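Right, one structure below, let's go through it.
Just so you know, all these numbers are worked out from the coordinates, no wet-lab data involved. What you see is a predicted model, and the numbers here were worked out from it, not measured in a lab. Note that we place each Cβ from the backbone using ideal geometry, even for glycine, and neighbour counts take in every protein chain shown.
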Ligand code: PAF
């Protein structure tokens, strides 16, 4: 496994690798990331993973400085997972000058996560396009845990005609249902015991939809009330269309229920897809 820190070395290393699949990460890797790599590996001769904590996608009050940097442990995991190239640039390699050209996603960037994290998807889309230009993969893998991120990047690739296939990967969960996330490390033992409720609430909404409920706003509000009763501070629970994350009509079949809520200090997100008969 080659560990590369500079853009020049990356370009030189990948010059002889026309068949790349790419898994971008911010490090602090867990089983969910390893699953992305397992999906990537059979698709190409060379699996490239980036580790880069992207300042552009963090708001001023978010945890950029505190975001866990676990480079040695990450590299050990990646080596074991059979990755070929790790690209771990310093910030000045990616942003040698202020990034004044940015990717402005559609209005989708203002919904849901975007309403609570202004500028987040602009920062994600900008760094991912830049990483795509450096790695030049034919495919890239993104977890559906960050559902809105996946939709924004899928739309970016389609609208800008990038020759890259975006491959979504299912969310990996702990045995009690909690979606794996780097931010779970911030949960106290008591919060960790409470945390699976987020997924349980989503499953309850899904069961109601499957049983015929179509009063989407009532479902959203009841789910938020249940979280609040158990000490959460929900930002949203929302039944949306899978295709564009807009409000569904009664005729829509492909739905996704998305949620974000704080439990103590950590803010957890999760979602669950539903395809109605
Ligand atoms: O999902 C992430 O870890 C990040 O948003 C990504 C895609 C690596 C861009 O910084």
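Annotations for the structure displayed:
- Relative to the longest principal axis of the Cα atoms of the chain, helix 197-210 runs at roughly 60 degrees.
- Ranked 22, 132, criterion: other C-beta atoms within 10 Å, fewest first: 132, 22
- A viscosity of 0.890 mPa s and a temperature of 25 °C, combined with the Kirkwood radius over C-alpha pairs in the Stokes-Einstein formula, give the chain a diffusion coefficient of 125 µm²/s.
- Kirkwood hydrodynamic radius over Cα pairs of segment 180-277, then Stokes diffusion coefficient at 4 °C and 1.567 mPa s, in µm²/s: 94
- Each residue of segment 4-48 gets 67 Å³ once the volume of the Cα convex hull is shared out per residue.
- Sorting 182, 249 by the number of Cβ atoms found within 10 Å of their own Cβ, with the fewest placed first, yields 249, 182.
- Prolate/oblate/rounded label for segment 111-227 (Cα gyration tensor, a/c 1.5): prolate
- Within segment 97-158, all pairs of alpha-carbon atoms sorted by distance into 10 Å bins from zero give the percentages 21, 55, 23, 1.
- Note on the chain: with a GNM built from Cα contacts shorter than 10 Å, the maximum mean-square fluctuation among 13, 267, 251 falls on 251.
- Label zone at residue 73, where the point sits 7 Å out along the Cα-to-Cβ direction: segment 22-62 residues whose backbone N lies under 18 Å: 25-35, 51-53
- The label point for residue 102 and the one for residue 213, both projected 7 Å from the Cα toward the Cβ, are 3.7 nm apart.
- Paramagnetic reach from residue 244 (point 7 Å along Cα→Cβ, amide N under 15 Å) across segment 157-198: 159
- Across the alpha-carbon set of segment 1-145, the Rg to Rh ratio works out to 0.95, Rh being the Kirkwood radius.
- Between residue 16 and residue 174, the distance separating the two model label sites (each 7 Å from Cα on the Cα→Cβ line) works out to 4.5 nm.
- Counting neighbouring Cβ atoms within 10 Å and putting the fewest first, the residues 134, 258 line up as 134, 258.
- Helical contribution to [θ] at 222 nm, DSSP H n ≥ 4, -39,500 (n - 2.57), averaged over the chain, rounded to 500: -10500 deg cm²/dmol
- 0 to 90° range, to nearest 10: angle between helix 31-40 axis and the chain longest Cα axis: 60
- Degrees, to the nearest 10: 147-159 long Cα axis against longest axis of the chain: 50
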